[in-house]
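Chemist: Quick one: the structure is below, and I'll ask about it shortly.
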Amino acid sequence: MKKLVVFASGSGSNFQAIIDAVKQKKLNVEIAGLITNRDKIGAIDRAIKNRIPFQVVQVSDDELFAKRLAELLHQWQPDLIILAGFLKKIPSEIVSAYPDKIINIHPALLPKFGGKGFYGLRVHKAVLESGDAVTGCTVHFVDNEYDCGQIIEQIEVPVFASDSPESLAKRVLKAEHELLPSVINNLINKTN
Ligand code: GAR
């Protein structure tokens, strides 16, 4: 069975969407492990609840951070690496070691509202300030720049005049939970 390793920094609702898709047999993969860069986050609670191995990698030295990630990935041998709300840059050594095997979900229609500093509610605030009537979410391959790799798939989500950043985030997150497992499924089946 193909293996995933998921990276997360927050509540892990996208991680949960993957777990649910596996439980519902919509996704035929093993989640080999979760890597986080913070402790005491929702994503870890979800890993514990679902008996998924996890490791917190809190290392400020860039070289050591890359080394620790490389060790874990070597141990877990993923076919695909999923960044599900992981807010630290993936070291270039890791990007080159796993070509076309690292994907990221972003809460906007890239290339709009992406790049350093565009994460979480900041993205939705910027969308509302722009006056755009449509936003959405994007899954893309990861390269050495924030939110810049090749786009795999997007879902559009309407923006309403009455939206706050929070209400918009909620609507986009719902679309993310659909998009991410579906893209994983397509990629996994492609490489079968
Ligand atoms: C998601 O909206 C994801 O798209 C975003 O962080 C949130 C994590 O939520 N990622 C980025 O902004 C990356 N630039 P979650 O922890 O509930 O899955």
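Chemist: Would you please name the residue that is nearest to Gly12 (Cα to Cα), looking only at residues in segment 104-121 that are more than 8 Å from the ligand (Cβ to nearest atom) and open to solvent by 60 Å² or more (accessible area, probe 1.4 Å)?
Modeler: Per the criteria, the residue is Leu121.
Chemist: While we're here: Just one of the numbered conditions (1) modelled with pLDDT of 95 or more; (2) more than 16 Å from the chain's Cα centre (by Cα) is not true of Val59; which one?
Modeler: (1)
Chemist: Next question, about the same structure. Considering only residues that are more than 18 Å from Tyr98 (Cβ to Cβ) and within 11 Å of the ligand (Cβ to nearest atom), which ones fall in segment 137-167?
Modeler: Within segment 137-167, Cys137, Thr138 meet the criteria.
Chemist: Additional query: Looking only at segment 63-120, which residues are farther than 16 Å from Gly33 by Cα and aliphatic (A, V, I, L, M)?
Modeler: Matches in segment 63-120: Leu64, Ala66, Leu87, Ile90, Ile94, Val95, Ala97, Ile105, Ala108, Leu109, Leu110.
Every residue, every condition in (1) in a helix (DSSP H, G or I); (2) away from the ligand (no atom under 13 Å from the Cβ); (3) hydrophobic (A, V, I, L, M, F, W, C), yes or no:
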{"position": "Val5", "(1), (2), (3)": "no, yes, yes"}
{"position": "Gln16", "(1), (2), (3)": "yes, no, no"}
{"position": "Lys26", "(1), (2), (3)": "no, yes, no"}
{"position": "Leu34", "(1), (2), (3)": "no, no, yes"}
{"position": "Asp39", "(1), (2), (3)": "no, yes, no"}
{"position": "Ala43", "(1), (2), (3)": "yes, no, yes"}
{"position": "Gln55", "(1), (2), (3)": "no, yes, no"}
{"position": "Leu69", "(1), (2), (3)": "yes, yes, yes"}
{"position": "Leu87", "(1), (2), (3)": "no, no, yes"}
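Chemist: On to the next question. If you check Val57, Val6, Val29, which single one turns out to be surrounded by fewer than 19 Cβ atoms within 10 Å (Cβ to Cβ) and of a type in the set (A, V, I, L, M)?
Modeler: One residue alone meets the criteria, Val57.
Chemist: Looking only at segment 122-139, how many residues end up being β-branched (Val, Ile, Thr), in contact (Cβ under 8 Å) with a residue 40 or more places away in the chain and open to solvent by 30 Å² or more (accessible area, probe 1.4 Å)?
Modeler: 0
The values are calculated or read from the model by the stated rules, or taken from the named source; none is laboratory data. Keep in mind it's a predicted model, so treat the numbers as computed, not measured. So basically every Cβ, Gly included, is an ideal-geometry build from the backbone, and we count neighbours across all protein chains shown. When the accessible area is computed, the model is the full protein with side chains, heavy atoms only, and any ligands, DNA or RNA have been set aside. Shrake-Rupley method; radii C 1.70, N 1.55, O 1.52, S 1.80 Å.
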